[in-house]
Amino acid sequence: MMAIILILFFLSLAGVIFMIGSKLILLKGGRIIVPEENFPIEIPNLQEVKYIAIKNAKKHSYFLFVESIRFSIKSSHFLKRVFRKIKEKTSYIFRKHVLKKAEEEIKTKEVSGFLKMISDYKHKIKKIKHQIREEENLN
């Protein structure tokens with residue numbers, strides 16, 4: 001939307017400059033006769049206008065160049081910060097949900113039958129040792 005407005009503005013500005021320029025050319029050529037006492041605007045030399053326009057264009061083009069470099073540096077820094085924050089949040093979410101689920105799956109996996117049988121025998125042996133110590137009063 002803003003681009004359309006700017007385009008229309010510069011097109012109308014170019015039209016106004018063209019109209020004034022054509023009148024100035026006709027005036028300088030002597031084709032238009034203007035009474036001297038009713039013409040309050042002094043017409044500058046076209047070489048002076050050209051020199052001033054080039055001087056201002058150089059100054060403003062340098063300013064625009066510096067501002068565009070500044071904008072690119074600031075935007076890249078901003079994007080790096082945003083990317084770093086997003087990376088931290090996604091890694092936190094990944095650790096919180098995905099790795100937690102993986103740990104739960106490892107914990108809930110069923111132990112192999114052989115290892116379960118050995119642990120059951122160890123518990124039975126501990127119970128038997130505990131009963132013997134109680135009967136012999138070896139505590």
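The values are calculated or read from the model by the stated rules, or taken from the named source; none is laboratory data. Owing to the predicted nature of the structure, the values given are computational and were not obtained by experimental measurement. Reconstructed Cβ throughout: ideal geometry from the backbone, glycine too, with neighbour counts over all protein chains shown.
Figures for the structure shown
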item	result
Those residues of segment 29-40 which are modelled with pLDDT under 65 and either within 17 Å of residue 17 (Cα to Cα) or in a loop (DSSP other than H, G, I, E, B) (or both), in sequence order	33, 34, 35, 39, 40
Only one of 69, 52, 43 that is surrounded by 10 or more Cβ atoms within 10 Å (Cβ to Cβ), outside any helix (DSSP H, G or I) and out of contact with any Asp or Glu (no Cβ under 6 Å at 6 or more places or on another chain)	43
